[in-house]
Amino acid sequence: MNWVLIEKDGNYSAIPTRVIKTNEILGKLFTRDRIRILTALAEEPTYPKKLAEKLKMNKQVVYYHLDALKKAGLVYVSRKEEVKGAVAKYYSASFKSVSLVFSETGLNVKPPQMLSLSEAVTSFLTPFIENGELNSKIIVGSPDVHGPYRAQSRDAHYAVELGVFLGSVSGRFGVGIVKLDTEVREDDLKGNMIIVGGPVTNMVANRINDNLPLRFELKEQNRIFSSITGRTYYEDECGIVVKSINPFNPQSRVLVLAGKRFQGTRAAILAVTKHIDEVAKNNSFDPSIPARVIIGYDLDGDGIVDDVEFLE
């Protein structure tokens, strides 16, 4: 991923960019109409017919330009939706800028870690990380017996791995960012939350479980049910990574990293810390929903989950 750094009044904005070589310009990759299309798609995704209406262009001409821009890697199909009985492909701009480079000689700089993340990952981690600072509480289950299931959390220490990862992609941490579920107060519930552990051991996860597209069915051996595909997952090593609207405050978001048992929670943590680019692609069957099901594997045979496979 390449970035262009724009300075204004002492503040810097990092914008993902596509580096264009001069021979691509000569090949007429950029025309006036294609620049108009890219500008519109950089503002918001849309489908060809609506784009043609907005730009007052012939629909077939728009299709022609979109095909050329897609081959050049400048646009992509971000989602599909039913519009008036037909399936419409929504296109998005792959980048919000392009850079014409005549010489690749420049200053060697070490960019902040956030700049090395893709736009999809940066979007996925927002609003939990904003302006290089963690903007969320991390909620872990209490190791003491608590809750209606008289359970003790065995996965709270995984929050350490998560914290190391979050520290590598953010510059600043606040005070008191980690809380046990038994310490959470109503004001905490209204903010952004990263919730570690499932509804048996984490009572905050328990309270939001029914609002998630991937949820745990407590009366059915705590199996995972996907409302996206209708599938169920029974393995102890299965886990979920779900980003969703906070049901206590629609202006905030929750990120749930949980498993059927503690092995599944570890799989969810590993998915984020080792495979965040894959996580940010969203659900395999519906890319508009940031919800992944994973299963963990013990590849080196030491009894500890050390890698994952994405099931949806």
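Taking the highest mean first, how do the peptides 152-162, 181-191, 258-268, 209-219 order by number of other beta carbon atoms within 10 angstrom per residue?
For the peptides 152-162, 181-191, 258-268, 209-219, the packing ranking is 258-268, 152-162, 209-219, 181-191.
Using Cα pairs closer than 8 Å and at least 6 residues apart in sequence, work out the relative contact order for segment 253-312, in percent.
29 percent.
Per 5 Å bin, what percent of the C-alpha pairs of segment 244-304 does each bin hold, from zero upward?
4, 17, 21, 24, 19, 9, 4, 2, 1
Using the Cα atoms of segment 190-298 to build a convex hull, what is its mean projected area in square nanometres?
6.3
Which cross-chain or sequence-distant (5 or more) residues have an amide H under 5 Å from the amide H of V4, H modelled 1.01 Å from N in plane?
Residues meeting the criterion, in which the H sits 1.01 Å from N, are I15, T17.
What list of ³J(HN,Hα) couplings, whole Hz, do you get for segment 265-271 from phi and the Karplus terms 6.51, -1.76, 1.60, once you set θ to phi - 60° and write x for glycine and proline?
My calculation for segment 265-271 gives 5, 4, 4, 5, 5, 4, 4 Hz in order.
Which order, highest average first, do 142-151, 286-295 follow once you tally other Cβ atoms within 10 Å for each residue and take the mean per peptide?
286-295, 142-151
Give me the aspartates and glutamates in straight-line cross-link reach of K59: C-alpha distance below 17 Å, same-chain residues under 8 apart excluded.
Straight-distance partners of K59: D33, D67.
Collect residues whose amide H, placed 1.01 Å from N in the peptide plane, falls under 5 Å from the amide H of N135; neighbours closer than 5 in sequence don't count.
Correct list: I129, E130.
Using Cα-Cα distances under 8 Å and only pairs 6 or more residues apart, what relative contact order does the chain have, in percent?
It comes to 12 percent, rounded to a whole number.
In the structure shown, do any of K70/K281; K179/K260; K56/K84; K28/K281; K137/K281; K28/K89 have a Cα-Cα gap over 28 Å, and if so which? Mind dumping the intermediate values first?
Numbers: K70/K281 18 Å; K179/K260 21 Å; K56/K84 21 Å; K28/K281 31 Å; K137/K281 24 Å; K28/K89 25 Å.
Correct reply: K28/K281.
For the chain, go through all pairs of different Cα atoms, get the mean of 1/r, take its inverse, and jot down that Kirkwood value in Å.
Mean inverse Cα-Cα distance, inverted, gives 21.6 Å.
The numbers here are math on the coordinates, done by the rules we state, and not lab data. Here the structure is a predicted model, which is why all the values come from computation and not from measurement. Quick reminder, even Gly has a Cβ in these numbers, built from the backbone with ideal geometry, and neighbours come from all protein chains shown.
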